[in-house]
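Everything on this sheet refers to the single structure shown next.
The values are calculated or read from the model by the stated rules, or taken from the named source; none is laboratory data. Model, not experiment: these values are computed from the prediction. So basically every Cβ, Gly included, is an ideal-geometry build from the backbone, and we count neighbours across all protein chains shown. Each accessible area value is taken on the protein alone, full model and side chains, heavy atoms only, with ligands, DNA and RNA left out. Shrake-Rupley method; radii C 1.70, N 1.55, O 1.52, S 1.80 Å.
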Amino acid sequence: MIGGEVRLDDLPLREDLRGRSPYGAPQLDVPVRLNTNENPYPPPRELADDVTTAAAEIAKGLHRYPDRDAVALRTDLAAYLTTSTGVRVELGNVWAANGSNEILQQLLQAFGGPGRTAIGFEPSYSMHPIIAAGTRTEWLPAPRRDDFSLDTRAAAEIVADRQPDVVFVTSPNNPTGQSVPLDDVREILRAAQGIVVVDEAYAEFSSRQSALCLLEEFPSTLVVSRTMSKAFAFAGGRLGYLAAAPAIVDALQLVRLPYHLSSLTQAAARAALAHADQTLASVATLAKERDRVVDALSGMGFRVVPSDANFVLFGHFTDAHAAWQSYVDNGVLIRDVGIAHHLRVTVGTPEENDAFLAASKELAP
Ligand code: PMP
């Protein structure tokens with residue numbers, strides 16, 4: 001291949017990126033894929049038809065740039081948040097991007113960066129430190145308890161002590177599954193002077209109240225980040241969003257690329273949002289399946305971390321990576337998230353979960 005002899009090490013790469021690993025959930029072609037916390041149910045036929053119709057309409061105007069401010073889509077997202085949380089969110093409170101990863105990146109571009117710090121309570125979402133590195137924000141890893149729950153008092157103390165520019169609170173937490181109660185988020189917000197990003201990628205799966213309820217109390221520091229990749233069954237559409245004070249949305253205008261959300265993305269996301277009731281009906285099914293998977297794994301003797309999301313962290317494996325490979329050999333792709341002796345499985349359809357549970361029997365402690 002042209003240029004194939006050039007090695008990464010030969011490039012004039014930023015020193016701080018040398019030796020780092022990219023995000024790398026394996027994309028393997030196996031029958032049962034339970035490794036990236038997607039909704040296993042494809043979009044309903046009506047939704048797919050509406051996306052097709054919307055795309056056909058948009059195609060006639062593709063010579064023009066999209067609405068840079070994505071007003072119609074943000075209005076729809078605000079209406080969805082208002083209905084689902086009871087907190088009155090308006091267009092000016094919402095910002096949208098290509099997946100919540102881009103939202104998080106824009107937040108770190110605006111509020112992190114060289115000479116600034118961001119803190120997260122690990123293990124948590126692996127992209128938080130990667131996006132911090134990409135934006136040259138110093139990453140401060142803080143621990144969770146041994147059972148992976150968040151020690152709120154310790155968290156608030158470290159935030160008060162280090163005063164990071166950005167705090168990440170993931171609720172429900174990926175890859176461990178537990179939500180952070182509202183009072184605990186409040187305690188962290190009270191300790192923080194920087195921006196507190198509550199990453200609610202899995203909020204729809206949780207019965208806990210959204211941190212949106214705290215927006216009025218902490219308008220200058222709280223940001224709630226959401227995505228359509230999980231409960232909304234729209235991972236391929238790439239649509240993430242946030243709710244915050246309008247000034248925070250203004251701040252992100254300084255770093256976002258112009259026209260970052262294509263007309264096709266905006267139209268497809270609006271079509272998907274119009275079918276939210278249908279798509280989100282799968283959430284209850286998945287929660288039931290999650291509980292079934294948890295019970296079955298516990299029954300086999302695995303230790304299972306309580307989950308409020310559409311995935312489950314479980315162990316205890318002597319060699320988690322070898323166990324992961326055995327699942328793959330049985331046609332089941334789950335995730336080795338790098339936590340010793342543990343693996344994470346996404347809740348799938350009943351058939352997929354059965355295949356996973358059958359493979360688990362062979363590996364039970
Ligand atoms: N936050 C968390 C906690 C996640 O688990 C994920 C996806 N794995 C994201 C954000 C990003 O998702 P997306 O970019 O698809 O919105």
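Observations, loosely collected:
- Heavy-atom accessible surface of the chain: percent carbon and sulfur, 1.4 Å: 52 percent
- Residues in the range 289-294 carry Karplus couplings, in order, of 4, 4, 5, 5, 4, 4 Hz; the curve used is 6.51 cos²θ - 1.76 cosθ + 1.60 with θ = phi - 60°, and Gly or Pro positions show x.
- In the range 121-223, GluC sites (Glu not before Pro) in a DSSP loop with at most 15 other beta-carbon atoms within 10 Å: 216, 217
- Whole-Hz Karplus values for the range 324-335 come out as 4, 5, 5, 4, 4, 4, 8, x, 10, 9, 10, 10 Hz, taken residue by residue from phi with 6.51 cos²θ - 1.76 cosθ + 1.60 and θ = phi - 60°; glycine and proline positions read x.
- Surface analysis of the range 242-365 yields an accessible area of 41 Å² per residue, using protein heavy atoms and a 1.4 Å probe.
- Selected from 34, 91, 239 as most flexible by GNM, with the chain as the system and alpha-carbon contacts under 10 Å: 91
- Extension gain from residue 71 to residue 2, taking 0.36 nm per residue of separation minus the Cα-Cα distance: 20.5 nm
- Residue ranking by accessible heavy-atom surface, 1.4 Å probe, largest first, among 324, 139 comes out as 139, 324.
- For residue 60, the aspartates and glutamates whose Cα falls under 18 Å of its own Cα, not counting residues fewer than eight places away in the same chain, are 49, 50.
- Note on residue 49: accessible area is roughly 70 Å² with a 1.4 Å probe, heavy atoms of protein only.
- FRET E, pair residue 278, residue 21, Förster distance 51 Å, beta-carbon r, rounded to 0.05: 0.85
- Distance from the alpha carbon centroid of the range 173-237 to that of the range 113-163 works out to 15 angstrom.
- Only Lys, Arg, Asp and Glu carry charge here, each on its Cβ (+1 for the first two, -1 for the last two); on that basis the range 230-353 has a dipole of about 340 debye about its Cα centre.
- The chain: antiparallel DSSP beta bridges as a percent of all, rounded to 5: 45 percent
- Under 13 Å from a label point set 7 Å out along the Cα-to-Cβ vector of residue 163, the amide N atoms of the range 101-135 belong to 117.
- Integer Hz, Karplus 6.51/-1.76/1.60 couplings in order for the range 13-23, x for Gly and Pro: 5, 3, 4, 6, 9, 5, x, 7, 10, x, 4
- Spin-label pair residue 247/residue 41, simplified geometry with 7 Å Cα→Cβ offset, distance in nm: 4.2 nm
- Among 83, 100, 70 - extreme Cα towards positive end, dipole of the range 46-276, charges at beta-carbon: 70
- Sorting 20, 290, 14 by accessible area puts them as 20, 14, 290; the probe is 1.4 Å, largest comes first, and only protein heavy atoms count.
- Listed residues 23, 65, 41, 327 arranged by accessible area, highest first, probe 1.4 Å: 65, 23, 41, 327
- Its DSSP H runs of at least 4 residues, each contributing -39,500 (n - 2.57), put the calculated 222 nm mean residue ellipticity of the chain at -12000 deg cm²/dmol, to the nearest 500.
- Net charge dipole size for the chain [Lys, Arg +1 and Asp, Glu -1 on Cβ; Debye, nearest 20]: 460 debye
- The range 1-36-the range 276-328 distance, computed between alpha-carbon centres (Å): 28 Å
- Cβ-based charge dipole, the chain, positive-most Cα from 285, 132, 30: 132
- Average Cα contact separation per residue, the range 46-276, under 8 Å, 6 or more apart, as relative contact order %: 27 percent
- Compared with the alpha-carbon gap, the fully stretched path from residue 153 to residue 364 is longer by 72.4 nm at 0.36 nm per residue.
- Between residue 136 and residue 295, the modelled labels are 5.5 nm apart [label points 7 Å from Cα along Cα→Cβ].
- Taking a ≥ b ≥ c as the square roots of the eigenvalues of the alpha-carbon gyration tensor, the chain is classed rounded because a/c is under 1.5.
- Heavy atoms of residue 256 accessible to a 1.4 Å probe, total area in Å² rounded to 10: 40 Å²
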